[in-house]
1. Identify all residues within region 31-49 that are in a helix (DSSP H, G or I) and either at pLDDT below 95 or surrounded by 17 or more Cβ atoms within 10 Å (Cβ to Cβ) (or both); write none if there are none.
2. Taking the conditions exactly as written (basic (Lys, Arg) and within 21 Å of the chain's Cα centre (by Cα)), does ARG20 satisfy them or not?
3. In region 292-318, which residue that is touching a Ser or Thr at 6+ places or on another chain (Cβ under 9 Å) and assigned to a helix (DSSP H, G or I) is surrounded by the most Cβ atoms within 10 Å (Cβ to Cβ)?
4. Yes or no: region 228-240 includes at least one residue that is surrounded by fewer than 17 Cβ atoms within 10 Å (Cβ to Cβ), under 22 Å from the mean Cα position of the chain (by Cα) and of a type in the set (A, V, I, L, M, F, W, C).
5. Could you please find all residues in region 195-210 being out of contact with any Lys or Arg (no Cβ under 7 Å at 6 or more places or on another chain), assigned to a helix (DSSP H, G or I) and open to solvent by less than 20 Å² (accessible area, probe 1.4 Å)?
6. Please state which one of LEU6, LEU54, LEU33 is within 25 Å of GLY201 (Cα to Cα) and out of contact with any Pro (no Cβ under 8 Å at 6 or more places or on another chain).
7. Pull up region 156-172, narrow it to residues that are among the β-branched types (Val, Ile, Thr) and assigned to a helix (DSSP H, G or I), then point me to the one that is surrounded by the most Cβ atoms within 10 Å (Cβ to Cβ).
8. Would it be correct to say that LYS283 is at pLDDT below 95 and under 17 Å from the mean Cα position of the chain (by Cα)?
Amino acid sequence: MGAVGLGCMPMSWGYSASQRHGDRSVRTVHAALDAGVRLLDTADMYGPFTNELLVGRAIKGRRSEAFLSTKCGLLVGDQHIVANGRPGYVRRACDASLRRLQTDVIDLYQLHRADPEVPVEETWGAMAELVTAGKVRSLGLCAVGAHAPRRSGAGPFAGTIRQLERIQQVFPVSAVQAELSVWAPEALEELLPWCAARGVGVLAAMPLGNGYLTGTLKPGQGFEPDDLRARHPRFTAEMMAANQPVVAGLRRIAERRGASVAQVALAWVLRQGPHVVPVPGAKRERWAVENAGAADVVLDDRDLAEIAGLPQARGSWD
């Protein structure tokens, strides 16, 4: 797969509905593939279901060019999201994803969230059966966020690591998806070393900080009510202004490197290890191509030291 992936979620879910355009999204996927991107990441809950349908349409005739990743385990209601890890549901969800994606095999099938009512080993066992059946090639787990509730004194991804150690006893974990970016580096503490020691890949979710690390968002600009950033603790006008020094630091390096701010942010993620693949979202062709170009941006020790010295990002949860 390519050094930078493509997160397809923003094309159908999570961001402003007014910015969703199916034909443009298909062109964006094609532009990413043309630029050398191989990993396409989606999930059945995005939409729900519409994102998989879009990706299926986009890769028709180009399936061999894509490393296809999707997820199961979350159900979307009108005002809520619930986990479902029952083995029978997992099997049905996989078959439905295969139909929507118009493919006979999923390269990476990820458990979006463990169901608290079902032992995670049972859910993982059902997913392993899908590998045996030839419907799935490998399995992955999405990490619980660093700001989720955790035991006193525990590391930010301690709960995820406990899950990983349990399911590894059932079937090998090929990849873990977790938030990782310049303004959310918590996964570096324990999760990335755990994965590196075991040959497990890391899909770096939100490597551009939901768009903030592109340098294109302005404090106080506001978001449409259906945009997840309208309720995000780091996207209040106050916090967006407070975190401007983070973007300013990236911009200084970008100017020195002849790159965009987004490319520097992605290049930093790529420097965290050969097992790390950033998966930035993109809704437009030019952004997908620009993101893919981050693989050509080489950060030196001076650049990395400057990024390490940037102020810690703040949010209204702090």
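The values are calculated or read from the model by the stated rules, or taken from the named source; none is laboratory data. Note that this is a predicted model, so its numbers are computed, not measured. No Cβ is skipped: glycine too gets one built from the backbone with ideal geometry, and neighbour counts run over all protein chains shown. For accessibility, only protein heavy atoms count, side chains too; no ligands or nucleic acids. Shrake-Rupley method; radii C 1.70, N 1.55, O 1.52, S 1.80 Å.
1. Correct list: ALA31, ALA32, LEU33.
2. yes
3. Once the filter is applied, the top-ranked residue is ALA294.
4. Within region 228-240, one or more residues are surrounded by fewer than 17 Cβ atoms within 10 Å (Cβ to Cβ), under 22 Å from the mean Cα position of the chain (by Cα) and of a type in the set (A, V, I, L, M, F, W, C).
5. If the condition is that a residue be out of contact with any Lys or Arg (no Cβ under 7 Å at 6 or more places or on another chain), assigned to a helix (DSSP H, G or I) and open to solvent by less than 20 Å² (accessible area, probe 1.4 Å), then CYS195, GLY209 are the ones that fit.
6. Sole residue among the options that is within 25 Å of GLY201 (Cα to Cα) and out of contact with any Pro (no Cβ under 8 Å at 6 or more places or on another chain): LEU33.
7. Only one residue tops the list, namely THR160.
8. So LYS283 fits the description; yes.
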